[in-house]
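Every read-out reported here was derived from the displayed coordinates using simple, explicitly stated rules and does not represent laboratory data. Predicted model only: the values in this text are computed from it and were never measured. All Cβ positions, glycine included, derive from the backbone under ideal geometry; neighbour counts span all protein chains shown.
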Amino acid sequence: MKILFICENYLPHYGGAEVVFKNLAESYAIKGHNVALLTHQIKGTKKREEMGAVKVIRVPSFNSRYIFSFSAILKAIKLAKHCDVIQTTTFNGTFPAWIAAKVCRKPIVITVHEVWVNKWRKVTSFPRWKCFIHDLLERAIYLLPYDQYVCVSNATKKDLLKLGINENKVKTIYNGLDYNFWNKNNFSDKKVQEIKEQLNLKKKVVYYASGRPGESKGFETFIKAIPLIKSKVPNSFFLLALGSVEKYKRKHLELLALIKKLRIEKEIKVMNSVPYEELGHYLKAANYVVVPSLAEGFGYTTVEAVAMEKPVIVSNAGSLPEVVSGKHLIFKKGSPIDLAEKAIQTNQGQYEKSKMKKFLWQNSVQSYLRVYERLLNRF
């Protein structure tokens, strides 16, 4: 099978969507499928290269994923002529992917990570006009006639169906996780102790949160909860690891200003996210992991922390109650008071316990391939 991916971002840009499509694309290639991936070119990357047996083609787009929506159209059509099926994802890769699929009469599958229609004003600080435009554009993306919609959680599927999408075209396929990698025994105690010494974490109860400082990640809630937690857990300390801060400069500065306003500079360490290979050491160094999202389509941070056997405190946003397991508590999204209460309870050993849920890549890969095969039998 010849499979063409069209997505706005790919490695070395790292995020949840990139992890998904790296694993899918490379797994297909290992199984003998011919896989190409079209994305926008970011600084320091080649226009063409092979990564994990996947042919990666990058379109110069002035380092903008928004321009990619238009600059990629001709290249997408050219590549689509030689593929069997097109796989895309929200948001900026959907338009060139859909055009290429229709021009070349190829089946197209869109993966929907999360739906923000009617939520933009709730999960962002955008002005009303900007929320209206984003809402309108997102609706337009979903209402284009795709052959299959794949949602990464039932929560996302439920939101998508509210828009009137044909339920027969919508399927939930959970993202996968590499449980061999996310095993606490893979991360050395020596390195963990070095981190604790470097950050002065010894004899501290460490609450850890991480991710891009995007509008929906809810890190303001995490920061506002710190004084409340500190009043009951005096030896607590807070780590906030932020990735891609250069792309979220305004939000990054807002978070730093909030910390200063609350006068908790000595209680929290804000650091740049470390390389993916090192993340497990920081998770292992923490006592508890906090996921304060206002919206979440799948929730990799949650699933990774559970795999590392860490107690997790998650909001009730989107898919988080659906994917969390192990030792955990759920708080009301956007509520620093409820987050603080759950964080204090967790430190007292008062948390829920359930069997670990596993999201295996082999299941995801097989489910996607069955979708492609079914569509090809129809075309």
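Structure notes:
- Nonlocal amide H pairs with L37, under 5 Å, H built at 1.01 Å: F5, K55, V56, I57
- Under Karplus coefficients 6.51, -1.76 and 1.60, residue-wise ³J(HN,Hα) of the range 267-276 in Hz, glycine/proline x: 9, 9, 10, 9, 10, 6, 4, 8, x, 3
- Distance from the Cα centroid of the range 54-74 to that of the range 202-257 is 33 Å (rounded to whole angstrom).
- Volume per residue of the C-alpha convex hull in the chain, rounded to whole Å³: 139
- Cβ crowding within 10 Å ranks W129, W98, W361 as W129, W361, W98, fewest other Cβ atoms first.
- C-alpha long axis of helix 189-198 to longest principal axis of the chain, angle in °: 70
- Global geometry of the range 184-354, whether rounded, prolate or oblate, following the gyration tensor of its Cα atoms and the 1.5 cut on a/c: rounded
- 3J(HN,Hα) along the range 346-359: 4, 5, 8, x, 9, 10, 6, 10, 8, 4, 4, 7, 10, 10 Hz, from the Karplus curve 6.51 cos²θ - 1.76 cosθ + 1.60 with θ = phi - 60°, whole Hz, x for Gly and Pro.
- Only Lys, Arg (+1) and Asp, Glu (-1) charged, at Cβ; the chain dipole about Cα centre in debye: 460
- Taking amide H as placed 1.01 Å from N in the peptide plane, S210 has its amide H under 5 Å from the amide H of A241, each at least 5 places away in sequence or on another chain.
- Amide H within-cut-off set for N316, under 5 Å, with H built and near neighbours excluded: F331, K333
- 3J(HN,Hα) couplings calculated from phi for the range 132-143 with the Karplus curve 6.51 cos²θ - 1.76 cosθ + 1.60 (θ = phi - 60°) are, in sequence order, 4, 5, 4, 4, 5, 5, 5, 4, 4, 4, 5, 7 Hz; Gly and Pro show x.
- The range 89-164-the range 21-53 distance, computed between alpha-carbon centres (Å): 23
- Extension gain, K46 to F70, is 6.7 nm, computed as 0.36 nm per intervening residue step minus the present C-alpha separation.
- Counting every other Cβ atom within 10 Å of each residue's Cβ, I108, I173 order from fewest to most as I173, I108.
- Entries of K232/K342; K184/K249; K47/K75; K190/K266; K169/K217; K230/K266 with Cα pairs more than 22 Å apart: K184/K249; K190/K266; K169/K217
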